[in-house]
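Taken together, the values in this text are just the output of simple stated rules run on the coordinates, not laboratory data. Remember, predicted model here, so these are calculated numbers, not experimental data. Neighbour counts are summed over all protein chains in view; Cβ atoms, including those assigned to glycine, are modelled from backbone coordinates with ideal geometry.
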Amino acid sequence: MRVVLISRVLPAVIGYSAMLRELGHEPVALMCTRERADRYGGLADLLVDAPGDLDVVIPSSRERIAPLLHAIQPDLALCTGFPWKIPADAIAVPTHGIVNGHPSLL
């Protein structure tokens, strides 16, 4: 299964990527934003320390998420620590949708 990681949290990106590979899936891209860099750590650290085989996609706005996902053609996306609400048209792109994880009790 082709999986896109949508996150600004480096430990989540590393952990999800390793877990997916262990389960026989293919993490293909990391989608992140330039916004709110200090909340989750620096963007430079994320880009340098994320697994090197992931394409990095940085949408300029929420409206650009769906077109960028269409280009990647994912089966699934995993989202953790992303500062934007993902629009419905983007959620519809991956065949199996987008799963959002949150690290705290809500």
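Worth pointing out:
- With contributions of -39500 (n - 2.57) from each DSSP H run of at least four residues, the per-residue ellipticity at 222 nm computed over the chain stands at -8500 deg cm²/dmol.
- Gyration tensor verdict on segment 1-83 (Cα atoms; rounded if a/c is under 1.5, prolate if a/b is larger than b/c, oblate otherwise): oblate
- Taking GluC sites (Glu not before Pro) across segment 1-83, the ones in a DSSP loop with at most 16 further Cβ atoms lying within 10 angstrom of their Cβ are Glu35.
- In a DSSP loop and with at most 14 other Cβ atoms within 10 Å, the trypsin sites (Lys or Arg not before Pro) in segment 1-56 are Arg34, Arg36.
- When the Cα positions of Gly42, Pro87, Ala77 are compared along the charge dipole of the chain, Pro87 comes out farthest toward the positive end, with charges on each C-beta of Lys, Arg, Asp and Glu.
- Extension gain for Asp49 to Gln73 (0.36 nm times residue separation, less C-alpha to C-alpha distance): 6.2 nm.
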